[in-house]
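The values are calculated or read from the model by the stated rules, or taken from the named source; none is laboratory data. Quick caveat: nothing in here was measured; it's all calculated off a predicted structure. Virtual Cβ from ideal backbone geometry, glycine too; neighbours counted across all protein chains shown. Quick note on the areas: whole protein, heavy atoms, side chains included, nothing else; ligands and nucleic acids left out. Shrake-Rupley method; radii C 1.70, N 1.55, O 1.52, S 1.80 Å.
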Amino acid sequence: MTTGQPGAARPVIAVRAGMAGLVLALLPTLALASEVRTSAGVMRIAPVVEELDEPWALAFLPGGEILVTERDGRLTRHPATGGAGAEVSGLPEVRTGGQGGLFDVLVPADFAAAGEILISYAAETGDGIGTTVAVARLDGTVLRDLRVLWQMRDGGSTTRHYGGRLAEGPDGAIYLTTGERGLGAPAQDAGSGIGAVIRIPREGGGGTVVSHGHRNPQGLAFDAGGQLWLSEHGARGGDEVNLIREGANYGWPEVSHGTNYDGTPFPGGATRADVEPPAHYWDPSIAPSGHMVLRGAGIPDWAGDHFVGSLKFDYIARLDPATWEEERIEAPETGRVRDIREGPDGAIWFLSVNDGVLYRMAPER
């Protein structure tokens with residue numbers, strides 16, 4: 001079942017799509033669009049960038065271009081109208097393998113003046129592999145003057161649970177999720193930087209831990225009021241949406257609404273007085289990835305709602321924060337949704353790992 005606050009079942013609205021053979025006028029090619037019926041009316045889903053290899057994240061540049069990361073260490077720059085893109089050179093050495101690679105890309109609010117972007121990736125740390133954040137100046141299709149802003153200490157040699165999502169805060173700082181690398185216990189060490197949300201100043205000088213006790217956070221987003229939200233993987237059940245509070249412990253690996261993979265419960269059970277409860281959780285797990293709180297200029301009926309991709313069940317979850325009721329937006333294009341963003345045009349843009357495609361979803365006009 002799908003659940004919200006502990007013990008409170010929430011209804012699910014299932015939405016399925018049929019092919020409509022529609023052409024999205026935005027695109028220069030005759031790409032067929034899918035039609036999906038939703039609570040906000042009929043939406044068109046059309047491909048914009050194709051032939052991507054394990055796409056992980058997207059970001060919008062001023063002027064309408066799009067940056068896309070691929071986990072094998074590729075960053076590409078594309079026109080928003082589709083068509084061929086160009087590979088960006090000058091990336092640092094990225095450690096691929098397992099779940100490691102190039103993760104998120106962030107275009108900060110001052111890009112027009114500073115020309116800088118940020119990336120997160122897995123890198124050698126000297127004593128293992130660690131989640132790393134770097135900033136560089138984007139000069140056309142070349143990254144210049146790259147410097148590391150933050151790197152995980154004592155990341156170990158495992159190749160899983162890196163986290164790696166980035167978000168820019170209202171304070172101008174950069175916020176990063178880190179996974180607990182499959183090690184569990186370090187997430188309960190508030191100073192380790194493992195299984196945590198990290199605040200990183202743009203000027204560098206290290207980062208500070210905002211929250212800890214996370215397993216593998218794959219979504220991070222600020223809402224219009226400046227609140228920070230995170231979505232993360234549990235084990236067998238217990239995937240969570242969390243409102244991030246300064247200094248809070250979110251429980252992993254001692255407290256969870258799920259169970260271990262062998263079916264045994266967690267030592268602290270589902271709740272504990274010193275652990276921040278999730279705003280919403282899933283059981284069974286959906287493997288959430290990407291998190292966006294819609295401003296709603298293009299789809300006002302959904303303003304303020306949360307959107308999270310499902311890597312496991314191939315849908316986009318729309319969550320109403322007033323009730324945490326979930327609407328499942330399912331279409332042939334929503335296979336393993338890795339990232340989801342609101343575009344400057346007010347449309348919803350998302351990456352499908354299954355298809356290797358960046359899609360645009362917008363109301364039928």
*If you keep only loop residues by DSSP, which GluC sites (Glu not before Pro) in region 296-365 have at most 13 other Cβ atoms within 10 Å of their Cβ?*
364
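Would you calculate, for the chain, the mean residue ellipticity at 222 nm contributed by helices, counting each DSSP H stretch of 4 or more residues as -39,500 (n - 2.57) and dividing by all residues, to the nearest 500? Each step should come with its number before you reach the end.
Values: 1 runs with 4 residues, N = 365.
Helix contribution divided over all residues of the chain: 0 deg cm²/dmol.
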_Zero-based 10 Å bins, Cα pair distances in region 186-310, whole percents_ = 14, 41, 32, 12, 1
_Cα-derived Rg to Rh of region 75-211, Kirkwood definition_ = 0.98
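Which loop GluC sites (Glu not before Pro) in region 183-247, with loop taken from DSSP, have no more than 10 other Cβ atoms within 10 angstrom of their Cβ? If you can, show how the numbers build up before the last one.
Working: sites: 203, 232, 240, 246; in loops: 203, 246.
Sparse-neighbourhood loop GluC sites (Glu not before Pro): 203.
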*How many Å² of accessible area per residue for the chain, probe 1.4 Å?*
37 Å²
_Rel. contact order, % - alpha carbon contacts under 8 angstrom, at least six apart, region 303-365_ = 23 percent
*Within the set of other residues whose C-beta is less than 12 Å from the C-beta of residue 124, count the net charge using Lys and Arg as +1 and Asp and Glu as -1.*
-1
*Which of the chymotrypsin sites (Phe, Trp or Tyr not before Pro) found in region 58-165 are in a DSSP loop and have at most 10 neighbouring Cβ atoms, other than their own, within 10 Å?*
none
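Send over the per residue convex hull volume for the chain, Cα only, as a whole number of Å³. Don't skip to the end; give the middle numbers.
Values: hull volume 46.2 nm³, N = 365.
Roughly 127 Å³ of hull volume per residue.
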*asked:* If you roll a 1.4 angstrom probe over the protein chains with everything in place, what fraction of the accessible area of the chain belongs to carbon and sulfur, to the nearest %?
replied: 49 percent
*Residues whose placed amide H lies under 5 Å from that of residue 156, excluding near-sequence neighbours*: 129
